[in-house]
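**Q** Right, I'll just put the structure down here and ask away after.
Please treat every number below as a calculation from the coordinates, not as lab data. Bear in mind that the values here come from a model prediction, so they are computed numbers and not experimental data. FYI the Cβ positions are ideal-geometry reconstructions off the backbone, even for glycines, and counts take in every protein chain you see.
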Ligand code: 7TS
């Protein structure tokens with residue numbers, strides 16, 4: 001079968017939308033970009049939207065009564081409407097623009113967490129979290145003195161849901177903060193069930209959606225998430241903008257994050273009052289061109305269809321897992337193919353992951369090596385570093401073949 005027959009996407013047409021893919025990164029070595037979990041490439045539609053914004057529409061938002069300010073405001077607020085629809089939030093007021101997932105989680109920790117967590121309270125995280133969903137809570141813990149608990153992972157690379165249920169039953173849990181999809185193992189966590197269990201125990205749930213929103217259809221209302229965080233740059237959009245979804249009643253009750261222009265209703269020398277949502281959480285001049293780019297990315301992904309994107313990725317990842325499992329000396333991490341998404345993480349004999357990445361780069365293959373900002377997970381796996389190939393809508397089975405050939409070369413170079 002050819003790629004075209006087994007993929008629901010017109011992959012050649014999609015690849016033609018991404019200028020960065022059309023280059024040799026070393027003489028005669030065409031780029032095989034297998035590092036989209038770190039940050040995806042951008043289609044021309046996104047780049048064009050940002051350029052067009054700067055060429056015709058740039059001014060500050062929400063301020064000037066002139067044509068360009070109105071255009072800039074329309075671009076910025078129009079992007080908010082697109083985000084609302086993309087994740088099916090109930091109201092545009094529930095969509096807060098941040099810099100990225102990291103800032104979205106820090107916002108919740110510094111506002112909701114600061115106001116609501118103290119000695120005797122428990123926050124539940126998991127062993128597989130990215131540092132951005134561990135460190136903000138550890139920082140806050142030092143100040144507020146609550147307890148952190150971590151749901152362990154099983155040998156199959158999935159969350160131990162029995163331990164999770166026991167924590168909710170036995171401890172005064174106020175918040176569960178968990179990733180939807182693992183950036184290392186690819187595990188798709190059963191967050192709908194986990195949120196339901198958290199609510200039944202009287203806890204709120206924050207979901208780190210950095211690796212889910214780019215790949216899956218996410219419906220924050222169907223999930224009943226209290227907070228949901230993601231980054232534009234992993235979903236074909238620009239760097240510099242991310243999203244915090246929060247339920248309106250929670251956001252309304254939370255104190256502001258940063259103080260400054262735009263987030264106030266009235267300022268006197270004696271004190272200030274806060275603006276309505278979402279502006280209460282968006283102090284200062286925001287990332288306007290980036291919002292325009294994010295809006296274009298959402299149009300682009302929606303135009304192709306998230307179901308089609310997921311089906312294509314699944315085909316490529318399944319093929320990659322199959323072929324990788326045939327490489328002698330290679331260890332794969334993570335659950336069975338039907339319970340995972342987007343990434344293939346491995347070690348190869350005793351070759352250091354950085355050496356693998358360097359040899360692959362010489363063949364034009366871009367992967368990530370290291371701890372992937374998940375050091376506790378790597379400690380649990382018993383390895384200091386892993387190599388990770390990650391896939392998006394523009395990747396092909398041919399690129400997997402190039403990866404495998406390059407790995408074979410690495411084995412020969414290291415005599416393994
Ligand atoms: N959460 C998860 C699950 C992630 O994978 C990442 C980034 C973040 C949060 C942080 O996102 P940011 O946009 O705020 O930086 N993950 C990765 C990665 O796996 N390799 O590089 C970045």
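**Q** Most mobile of 118, 202, 382 per a Gaussian network model of the chain (Cα springs, under 10 Å)?
**A** 382
**Q** Among rounded, prolate and oblate, which fits the range 184-271 when a ≥ b ≥ c are the square roots of the eigenvalues of its C-alpha gyration tensor, a/c under 1.5 means rounded, and a/b larger than b/c means prolate?
**A** Working: a/c = 3.17, a/b = 1.45, b/c = 2.18.
Oblate, since a/c reaches 1.5 and b/c is not below a/b.
**Q** Something else: So what is the orientation-averaged projected area of the range 1-87, using the convex hull of its C-alpha atoms, in nm²? Don't jump to the answer; show the numbers that get you there.
**A** Numbers: hull surface 35.7 nm².
Across all orientations, the range 1-87 yields a mean hull projection of 8.9 nm².
**Q** Turning to a different aspect of this structure: So what is the relative contact order of the range 48-302, in percent, for Cα pairs below 8 Å that sit 6 or more residues apart? Write out the running numbers ahead of the final one.
**A** Details: 484 pairs, mean separation 61.9, N = 255.
Taking the mean separation of contacting Cα pairs over the length of the range 48-302, I get 24 percent.
**Q** Between the helical axis of 397-413 and the dominant principal axis of the chain, each derived from Cα atoms, what acute angle in degrees is found, rounded to the nearest 10?
**A** Result, in degrees: 60.
**Q** Right, here's the next one. Report, to the nearest 10°, how far helix 44-56 tilts away from the longest principal axis of the Cα atoms in the chain, using its own Cα long axis and a range of 0 to 90°.
**A** On a 0 to 90 degree scale, this one is about 40.
**Q** I've got another one for you. Once you have the Cα-Cα distance between residue 170 and residue 67, take 0.36 nm times their residue separation minus that, and quote the gain in nm to one decimal. The partial results should precede the final answer.
**A** On the way: separation 103, 0.36 × 103 = 37.08 nm, distance 5.87 nm.
Once the chain is fully extended between residue 170 and residue 67, it gains 31.2 nm.
**Q** At a Förster distance of 41 Å, what's the computed FRET efficiency of residue 219 paired with residue 383, Cβ-Cβ distance as r, to 0.05? Let's see the in-between values first.
**A** Details: r = 35 Å, r/R0 = 0.86.
It comes out at approximately 0.70.
**Q** With an 8 Å Cα cut-off and a minimum separation of 6 or more residues, compute the relative contact order for the range 192-231 in percent. Present the calculation step by step, with values, prior to reporting the outcome.
**A** Numbers: 39 pairs, mean separation 20.1, N = 40.
Across the range 192-231, relative contact order equals 50 percent.
**Q** Okay, helix-only estimate at 222 nm for the chain: each DSSP H run of n ≥ 4 adds -39500 (n - 2.57), divide by all residues, round to 500 deg cm²/dmol; what do you get?
**A** On the way: 15 runs with 163 residues, N = 416.
Result for the chain, helices only: -12000 deg cm²/dmol.
**Q** Next question, about the same structure. Return the whole-Å distance between the Cα centroid of the range 377-416 and the Cα centroid of the range 291-350.
**A** Between the Cα centres of the range 377-416 and the range 291-350 lies a distance of 13 Å.
**Q** In nm, what is the difference between 0.36 nm times the number of residues separating residue 352 and residue 58 and their Cα-Cα distance? All intermediate terms of the calculation are to be shown ahead of the outcome.
**A** On the way: separation 294, 0.36 × 294 = 105.84 nm, distance 4.72 nm.
Net length gain for the segment: 101.1 nm.
**Q** While we're looking at this one, here's another question. Could you tell me how far the Cα centroid of the range 205-239 sits from the Cα centroid of the range 55-110, in Å?
**A** What the calculation gives is 16 Å, centre to centre.
**Q** Pull out the extension gain between residue 285 and residue 77, defined as 0.36 nm times the separation in residues minus the alpha carbon to alpha carbon distance; nm, one decimal. Intermediate values should be presented prior to the final figure.
**A** Working: separation 208, 0.36 × 208 = 74.88 nm, distance 1.33 nm.
Full-extension gain reported as 73.5 nm.
**Q** Let me ask something else. Run the simple label-point estimate for residue 162 and residue 29 please: 7 Å along Cα→C-beta, distance reported in nm.
**A** 4.8 nm
**Q** If packing is taken as the average number of other Cβ atoms within 10 Å across a peptide's residues, how do 73-86, 283-296, 178-191, 54-67 rank, most packed first? Provide the component values of the computation, followed by the final result.
**A** Values: 73-86: 19.2, 283-296: 23.0, 178-191: 25.4, 54-67: 13.0.
Listed from highest to lowest mean packing, they are 178-191, 283-296, 73-86, 54-67.
**Q** Right, here's the next one. Kirkwood hydrodynamic radius of the chain from all distinct Cα pairs, in Å?
**A** Working: mean 1/r = 0.0446 Å⁻¹.
When all Cα pairs of the chain are included, the Kirkwood radius is 22.4 Å.
**Q** How would you order 234-240, 170-176, 143-149 from highest to lowest mean count of nearby Cβ atoms within 10 Å? Could the numbers behind the result be given before it?
**A** Values: 234-240: 23.9, 170-176: 19.3, 143-149: 15.4.
Highest-to-lowest ranking by the protection proxy: 234-240, 170-176, 143-149.
**Q** Normalised by the number of residues in the range 169-309, what is the relative contact order in percent for Cα pairs under 8 Å and 6+ residues apart? Display every interim value, and only then the final one.
**A** Working: 208 pairs, mean separation 24.9, N = 141.
Value for the range 169-309: 18 percent.
**Q** Next up: Taking a cut-off of 27 Å, what percent of all Cα-Cα pairs in the range 237-369 are separated by more than that?
**A** On the way: 4567 of 8778 pairs.
I get 52 percent for the Cα pairs in the range 237-369 exceeding 27 Å.
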